[in-house]
1. Counting residues that are of a type in the set (Val, Ile, Thr), which helices (runs of 4 or more DSSP H) fully inside the stretch 173-216 reach at least 3?
2. Looking only at the stretch 272-285, count how many residues are under 21 Å from Leu89 (Cβ atoms) and surrounded by 15 or more Cβ atoms within 10 Å (Cβ to Cβ).
3. Conditions: (1) of a type in the set (Val, Ile, Thr); (2) touching a residue at least 60 places away in the same chain (Cβ under 8 Å); (3) assigned to a loop (DSSP other than H, G, I, E, B). Ile392 meets all but one. Number of the miss?
4. Does the stretch 218-234 contain any residue that is at pLDDT below 65 and not in a helix (DSSP H, G or I)?
5. Have a look at Asp383, Asp379 and point out the one that is among the charged types (D, E, K, R), surrounded by 17 or more Cβ atoms within 10 Å (Cβ to Cβ) and without any contact (Cβ under 8 Å) to a residue 40 or more places away in the chain.
6. For the stretch 469-532, please list each of the helices (runs of 4 or more DSSP H) lying entirely inside it that holds at least 1 residues being modelled with pLDDT of 75 or more and among the basic types (Lys, Arg).
7. Any residue in the stretch 193-214 that is touching a residue at least 40 places away in the same chain (Cβ under 8 Å) sitting within a Cβ distance under 6 Å of a residue that is part of a loop (DSSP other than H, G, I, E, B) and crowded, with 23+ Cβ neighbours inside 10 Å? List the pairs, counting only those 6 or more apart or interchain.
8. State whether one or more residues within the stretch 353-369 are of a type in the set (Val, Ile, Thr), more than 27 Å from Leu478 (Cβ to Cβ) and more than 21 Å from the chain's Cα centre (by Cα).
Amino acid sequence: MPIAALIAAPILVVLSSVFTDSREVWGHLASSVLPIYITNSLWLMLGVSIGVLAIGVGTAWLVTMCRFSGSRIFEWALLLLVAAPAYLLAYVYTELLEFYGPIQSTLRGIFGWSSVRDYWFPNIRSLEGAIAMLTLVLYPYVYLLARTAFLEQSVCTLEASRLLGCSPWRSFIKVALPLARPAIAAGLALALMETLNDFGTVQYFGVDTFTTGIYRTWFGMGKRVAASQLAAVLLLFIFCLILLEQWSRQQIRYYQNTSRTQQLSPYQLQGWRAAAAGIACFLPSSLGFLLPAVILLQMAIANATQTFTTGFWNFAANSLTLATLTAALGVIIALVMAYGLRLHPSLKMSLAVRTASVGYAVPGAVIAVGVLIPIGRFDNAVDAWMRASFGISTGLLLSGTIAALVFAYLVRFLAISFNTVEASLGRIKPNLDDASRSLGHNSTSTLLLVHAPLMGRGLLTAAILVFVDVMKELPATLIIRPFNFDTLAVQVYRLASDERLAQASAPALAIVAVGIIPVILLSWQMTHTRSN
């Protein structure tokens, strides 16, 4: 409970502004742009939901339960996009698909077209383009959690469906998919939270959503109270999604029968089925990672003297330090909160935990301000007390430090680790708790000796998701980071937003490269053993 209250404090600070009177500003927003924000946000959520579910769940089942040419490679290749910022893909594909880009220029040269009146070409800077970019970047959330769930499903259950005459497709629909539903729902919730929070992609494509409206109201109009109230409306979307999914599940439980390790015989695909499976896995990984990586690599090599400087290596070290520290703390805090909710499933505990887990739906800059306000008050209070008591000025102890930045990351990304850890913990039967207590173990030793080993995959998944998201986090870093303490994400955004994509190519590739190693390790660990 105290941990949840501490994590939730910045969000509550921001949401407390809801009770401030700002009817004049709200009247202007409601009569002009608010309907556009709502409509675009809803269409964006719908489009991304369809895309990430189709790609994430479909490819997870193919690489887990089927064998075809290249399936082992696709197991980790499909994860690579989890480390890529969405706005980076927006810049790359705009460079590639715009009127003066190589594709349209080539088409005009081949067919003799001279202007856009001679032919039709899809506009990348549109709502549909934003949906495509976000889908390519966010489907790994669903893929990763769905594949983890498929790997942990009982072999006995799946084999029973085969013995009863279920075809591979029917076994997937009737058995595997329902059992994996909690994990898939957690992955979809993370993807939708990230969709609603995205700023770089929708702003660059000119799509007005709640996030761009919050930034415009906060920093453009200087109306911070109205911006906080817009953030509260954005939170309502997330609450509705969570409540709807939990209501649809009602009293259904998803326990597994056994926990022994055994390899399930995969479906061997041949002919056109193998080709179709290969194409289905190749397209998202190539369009989302391979093609942009090749373009950025060419730019980085051509501009090596301008990109690989001493500052670049300092930025990489800063990003790695922040990501590792936040990932470790995030998993520990999420495990404590999820286990506390399991032991004491009261309304008060549930409300505290859920409140602490909604930070992912709040824009990073808003969380940054919510962190700076209480930390600033704490620093000033300590300084005033030290001056009055000892005549010593302590200055700012936490403001503008790595500690404050890591705290903001935890508020922002705790939902990632908590949802993943909770889904993994929920698959452990309660009778294991009873058996552990009957052997003389208390709650702490039960968590460390029983639950934690069984949740190994889930804990590692949570750590990697937090790690790669911290690597590419931008708004909170810009506001809270210590003086002269830049990260790779800050450099990418600065250079790319100034249309200097060539100079941004090296730090962008570094963000992806740093995330590739743990992604590959995670994929290996997931397939090394399989739950029976």
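The values are calculated or read from the model by the stated rules, or taken from the named source; none is laboratory data. No experiment lies behind these values; they were computed from the predicted model shown. Neighbour counts are summed over all protein chains in view; Cβ atoms, including those assigned to glycine, are modelled from backbone coordinates with ideal geometry.
1. Details: elements: 181-197, 200-205, 210-215.
Result: 210-215.
2. Step one: list which residues in the stretch 272-285 are under 21 Å from Leu89 (Cβ atoms), which gives 279-285.
Within this subset, residues satisfying the condition of being surrounded by 15 or more Cβ atoms within 10 Å (Cβ to Cβ) are 280-282, 284-285.
Residues in the stretch 272-285 being under 21 Å from Leu89 (Cβ atoms) and surrounded by 15 or more Cβ atoms within 10 Å (Cβ to Cβ): 5 in total.
3. For Ile392, the failing item is (2).
4. Looking for residues that are at pLDDT below 65 and not in a helix (DSSP H, G or I), one finds at least one in the stretch 218-234, hence yes.
5. Details: Asp383 fails: surrounded by 17 or more Cβ atoms within 10 Å (Cβ to Cβ).
One residue alone meets the criteria, Asp379.
6. 488-497
7. That search, which allows pairs on different chains as well, returns Asn197/Pro363; Val202/Thr209; Thr211/Pro363; Ile214/Pro363.
8. Start the filter on the stretch 353-369 by keeping residues that are of a type in the set (Val, Ile, Thr), which leaves 353, 355, 358, 362, 366-367, 369.
Those still in the list that are more than 27 Å from Leu478 (Cβ to Cβ) too: 353.
Of the ones still in play, those that are also more than 21 Å from the chain's Cα centre (by Cα) are none.
No: zero hits.
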